[in-house]
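So the structure is just underneath, and the comments pick up after that.
The values are calculated or read from the model by the stated rules, or taken from the named source; none is laboratory data. Keep in mind that what you see is a predicted model, and the values were worked out from it rather than measured. Note that we place each Cβ from the backbone using ideal geometry, even for glycine, and neighbour counts take in every protein chain shown. Calculation scope for accessible area: heavy atoms of the full protein, side chains included, ligands and nucleic acids excluded. Shrake-Rupley method; radii C 1.70, N 1.55, O 1.52, S 1.80 Å.
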Amino acid sequence: MAEVLTGVNGQIFRWARESYNMSTSETAMALGIDEQRYVKWENGEEFPTYAKLKKISDVLHKPSALFFFPEPPQIQSIKGDLRTLSSEVSGRLSKQVIQQFEKAWAYQMDLRELYGEKQSILAMRHTFPADRTKLCEYFRKVLAFPISAQKDRRSDKIVFEIFREKFYEVGIYVFKDAFKDNSVSGLCLNDSQYPIIIINNAMSFAR
């Protein structure tokens, strides 16, 4: 019989699970065990084997060593960045979408390391026109890619890549990834230095 790891902390399991809005039943199903057994792990009544801990690490997207910490680490919460949304909305975001926010934060860290204190066009937002129509006209002029030029391109994909390059030139960074959750078409992190947009590639250019 495989030895169980009595040093793991069930509170870390709960913290990691709740950070992804996952229920105990959903987590247990992903681990391939019954819910009652998983709940006992969270409550410290039973403990997983090394093999199961590796599976938990994969499912909850956290390093195995973290589950031996005496208490949950102080890590940036997705819900803190989504305070403009109701708790009802942020509480329904799937693990896959939350992982995309984590990826966006990682992109920001990489960009800061690469470019330092570079500012994006959003640092000048106080100069933007307040009127929505004028704001659209302003950005069309800044990006220098009129509708007539868009229509001349062969496909939406080419137009997208041109826009992505134009956004990059003004300090807005656009990425594509498959969210594995088609309830969300994309997300953005608002930032004066390194604003990030991630497009759900599985939904892009769908016909």
TODO: Go through the range 40-68 and give me each residue that's of a type in the set (A, V, I, L, M, F, W, C), part of a helix (DSSP H, G or I) and open to solvent by 50 Å² or more (accessible area, probe 1.4 Å).
DONE: Ala51, Ala65, Phe68
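Name the residue that is modelled with the lowest pLDDT, counting only residues in the range 75-95 that are among the basic types (Lys, Arg) and assigned to a loop (DSSP other than H, G, I, E, B).
Our first condition is that a residue be among the basic types (Lys, Arg); within the range 75-95, this holds for 79, 83, 92, 95.
Those left that are additionally assigned to a loop (DSSP other than H, G, I, E, B): 83, 92.
Numbers: Arg83: 56, Arg92: 83.
So, considering only residues that are among the basic types (Lys, Arg) and assigned to a loop (DSSP other than H, G, I, E, B), the one modelled with the lowest pLDDT is Arg83.
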- [ ] Could you list, in sequence order, all residues of the range 15-39 that are aliphatic (A, V, I, L, M) and either open to solvent by less than 40 Å² (accessible area, probe 1.4 Å) or under 18 Å from Pro72 (Cα atoms) (or both)?
- [x] Ala16, Met22, Ala28, Leu31, Ile33, Val39
Task: Within the range 190-205, considering residues that are within 15 Å of Ser120 (Cβ to Cβ) and not hydrophobic (A, V, I, L, M, F, W, C), the one surrounded by the fewest Cβ atoms within 10 Å (Cβ to Cβ) - done: Asn190
Open item on the list: Could you check the range 1-14 and list, in sequence order, the residues that are open to solvent by 60 Å² or more (accessible area, probe 1.4 Å) and within 23 Å of Gln74 (Cα to Cα)?
Closed with: Gln11, Arg14
